[in-house]
Amino acid sequence: MGGFFGVASREDCITDLFYGTDYHSHLGTMRGGLVVNNGRGFTRFIHDITNSQFRSKFENDISKMKGNLGIGVISDNEDQPLIIASHLGDYAIATVGVIKNIDALKKEAFRKRTTHFSEMSNGEVNPTELIATLINQEGTFEDGIRRAQKAIEGSCSILLLTSKGIYAARDWHGRTPVILGRKADAYSVTMESCAFPNLDYEHFRDLGPGEIALITEDGVERVAKADGNLRICSFLWVYYGYPSSTYEGINVEQSRYRCGAALAKRDNVKPDIVAGIPDSGTGHAIGYANQAKLPHERPFVKYTPTWPRSFMPQNQSIRDLVAKMKLIPIREIIKDRKLLFCEDSIVRGTQLRDTVKRLFEAGAKEVHMRPACPPLLYGCKFLNFSRSKSILDLAGRRAVKTLEGDDCRNLDKYADPCSKCHGAMVEIIRKELGLTSLRYQRLDDLTKAIGLPKSKLCTYCWDGKG
Ligand code: SF4
């Protein structure tokens with residue numbers, strides 16, 4: 001994933017740029033980058049944020065940055081923003097998304113014999129540089145960005161900084177949000193609207209799918225219409241969107257309450273307490289507890305002072321260890337009680353299995369799990385959402401393989417919550433995790449809880465329809 005933020009201001013924009021970009025830190029764990037334009041050129045810094053937070057890495061740089069226009073990015077992959085010299089003029093560019101047809105586009109670029117790539121990393125082309133080469137093939141930024149939007153399979157939202165303003169372009173299907181803000185002396189663009197309130201921006205409007213806008217200190221001009229079909233990622237509301245953000249007019253925290261309430265309405269167990277697996281299960285659990293009129297408590301508390309979100313070791317077993325160290329159980333709340341947990345989703349299930357084991361070791365009588373979305377059956381092909389290398393990393397697909405003896409091609413019967421196949425798959429996952437009971441959210445309940453028509457949502461993870 002990743003996220004970006006941009007500012008066009010009558011005054012110096014650095015403070016807003018620094019904090020606005022920082023509010024995207026939950027979206028990426030590898031690289032952070034800031035660039036400003038002061039009318040004479042660009043000043044840029046990029047840092048590795050794998051083991052330390054964005055703010056601590058950039059706080060010494062911002063005194064060296066000055067300018068009224070700037071963009072910042074948190075990235076899960078490549079170094080960015082990049083600074084490009086082209087026939088369109090010099091510009092800086094940051095992108096969020098994934099290019100599935102990168103090899104074909106690279107080949108096509110080489111066929112013309114006029115392109116080279118200089119930002120190689122581990123033998124791979126930097127996707128943001130590839131997007132810049134697509135943009136440079138046209139006579140204007142608008143046409144170039146349109147060309148890139150149409151050429152890419154996957155998804156791509158773009159911020160492009162020139163000396164005159166910032167071009168903001170939302171992915172052709174609007175998989176990720178791009179949101180405009182304004183205040184008396186500045187306009188901004190963000191992926192997370194939670195960046196606005198503390199920087200005094202008013203949420204002005206969301207760009208539509210495929211829309212391109214030019215943002216200057218004087219306002220926002222639409223330079224290309226929203227011609228795409230909206231298929232915004234449902235997982236924003238389920239898991240990775242920040243609770244205080246609002247996309248397409250729908251707040252994340254409130255949608256999680258509705259998700260939890262939907263789970264409670266269909267449930268028949270009688271636990272002593274309801275809890276969320278921190279942090280993203282918490283909103284769902286509050287919704288469940290309020291609907292079921294049960295106490296909401298915290299049997300696990302996260303130790304945040306020394307375990308920042310951005311610490312994300314590459315090695316899976318160390319990641320599992322970190323996940324364990326972050327969550328501290330409270331025996332006094334767990335012992336001899338029936339516990340019902342809401343979790344955003346079950347991906348691999350390995351960390352959850354360990355968590356459940358620890359709950360029983362701490363004396364829990366029963367542990368019931370209620371994921372806020374259906375079983376994951378497909379890997380994300382639009383946002384690089386999951387780190388999984390194999391589809392069989394998904395707990396749902398492993399269970400299907402157990403039942404079928406092979407990797408099944410007809411997954412519709414497993415996606416149908418009323419089918420026997422679905423029930424058998426859930427039972428295998430329940431046993432694997434050591435749970436007293438396991439009941440997933442239904443996809444129709446999830447889309448209702450989000451509040452957009454299903455045709456406007458990407459639900460590919462669950463039903464293969466993107
Ligand atoms: S496949 Fe899943 S994670 Fe990827 S965009 Fe669609 S809903 Fe989001």
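The values are calculated or read from the model by the stated rules, or taken from the named source; none is laboratory data. It should be emphasised that the depicted structure is a prediction, and the values quoted were computed from it without experimental measurement. In this analysis, Cβ positions are derived from the backbone assuming ideal geometry, glycine residues included, and neighbour counts consider all displayed protein chains.
The table for this structure:
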| read-out | value |
| --- | --- |
| Residue check, Gln351 over 23 Å from Cys233 (Cβ atoms), at pLDDT 80 or above, in a helix (DSSP H, G or I) and among the polar types (S, T, N, Q) | no |
| When residues of the stretch 151-165 are limited to those that are among the hydrophobic types (A, V, I, L, M, F, W, C) and either more than 20 Å from Gly67 (Cβ to Cβ) or not assigned by TED's automatic domain parsing to the domain that holds Asp90 (or both), the one surrounded by the fewest Cβ atoms within 10 Å (Cβ to Cβ) | Ala151 |
| Residue in the stretch 203-210 that is over 21 Å from the mean Cα position of the chain (by Cα), modelled with pLDDT under 95 and more than 19 Å from Ile450 (Cα to Cα) present | yes |
| Residue within the stretch 413-425 that is within 16 Å of the ligand (Cβ to nearest atom), surrounded by fewer than 15 Cβ atoms within 10 Å (Cβ to Cβ) and over 19 Å from the mean Cα position of the chain (by Cα) present | no |
| Residues located in the stretch 221-239, provided they are closer than 17 Å to Leu452 by Cβ and either more than 8 Å from the ligand (Cβ to nearest atom) or not aromatic (Phe, Trp, Tyr) (or both) | Ala226, Gly228, Asn229, Leu230, Arg231, Ile232, Cys233, Ser234, Leu236, Trp237, Val238, Tyr239 |
| Contacts under 8 angstrom Cβ, first residue in the stretch 262-279 being at pLDDT below 95, partner assigned to a loop (DSSP other than H, G, I, E, B), 6 or more apart | Ile277/Asp344; Pro278/Arg298 |
| Which listed residue, of Leu352, Leu394, Leu340, is under 21 Å from the mean Cα position of the chain (by Cα) and over 27 Å from Ser155 (Cβ atoms) | Leu352 |
| Yes/no for Ile429 being within 16 Å of the ligand (Cβ to nearest atom), aliphatic (A, V, I, L, M) and surrounded by 15 or more Cβ atoms within 10 Å (Cβ to Cβ) | no |
| Per-region count, the stretch 441-459, residues of a type in the set (S, T, N, Q), away from the ligand (no atom under 12 Å from the Cβ) and within 19 Å of Pro417 (Cβ to Cβ) | 1 |
| Hits in the stretch 241-279 - residues which are surrounded by fewer than 18 Cβ atoms within 10 Å (Cβ to Cβ) and either within 15 Å of the ligand (Cβ to nearest atom) or more than 20 Å from the chain's Cα centre (by Cα) (or both) | Lys265, Arg266, Asp267, Asn268, Val269, Lys270, Asp272 |
| Elements of type helices (runs of 4 or more DSSP H) contained in the stretch 385-466, each with 3 or more residues being in contact with a strand residue (DSSP E or B) (Cβ under 8 Å, 6 or more places away or on another chain) and closer than 26 Å to Asp354 by Cα | 420-433 |
| Enumerated strands (runs of 3 or more DSSP E) restricted to the stretch 17-96, each holding at least 3 residues that are among the small types (Gly, Ala, Ser) and within 23 Å of Arg170 (Cβ to Cβ) | 69-75 |
| Subset of the stretch 166-186 (residues that are crowded, with 24+ Cβ neighbours inside 10 Å and over 22 Å from Asn384 (Cβ atoms)) | Ile166, Tyr167, Gly181 |
| Qualifying position, being surrounded by fewer than 20 Cβ atoms within 10 Å (Cβ to Cβ) and under 30 Å from Lys365 (Cα atoms), among Pro299, Pro295, Pro197 | Pro295 |
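Every residue, every condition in (1) surrounded by fewer than 16 Cβ atoms within 10 Å (Cβ to Cβ); (2) in contact with a strand residue (DSSP E or B) (Cβ under 8 Å, 6 or more places away or on another chain); (3) polar (S, T, N, Q), yes or no:
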| residue | (1), (2), (3) |
| --- | --- |
| Phe5 | no, yes, no |
| Ser9 | no, yes, yes |
| Arg44 | no, yes, no |
| Glu59 | yes, no, no |
| Gln80 | no, yes, yes |
| Tyr91 | no, yes, no |
| Lys107 | yes, no, no |
| Phe110 | yes, no, no |
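Quick grid of which residues meet (1) hydroxyl-bearing (Ser, Thr, Tyr); (2) out of contact with any helix residue (DSSP H, G or I) (no Cβ under 6 Å at 6 or more places or on another chain); (3) touching a residue at least 60 places away in the same chain (Cβ under 8 Å):
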{"residue": "Ala92", "(1), (2), (3)": "no, yes, yes"}
{"residue": "Ile99", "(1), (2), (3)": "no, no, no"}
{"residue": "Asp103", "(1), (2), (3)": "no, yes, no"}
{"residue": "Lys107", "(1), (2), (3)": "no, yes, no"}
{"residue": "Ile135", "(1), (2), (3)": "no, no, no"}
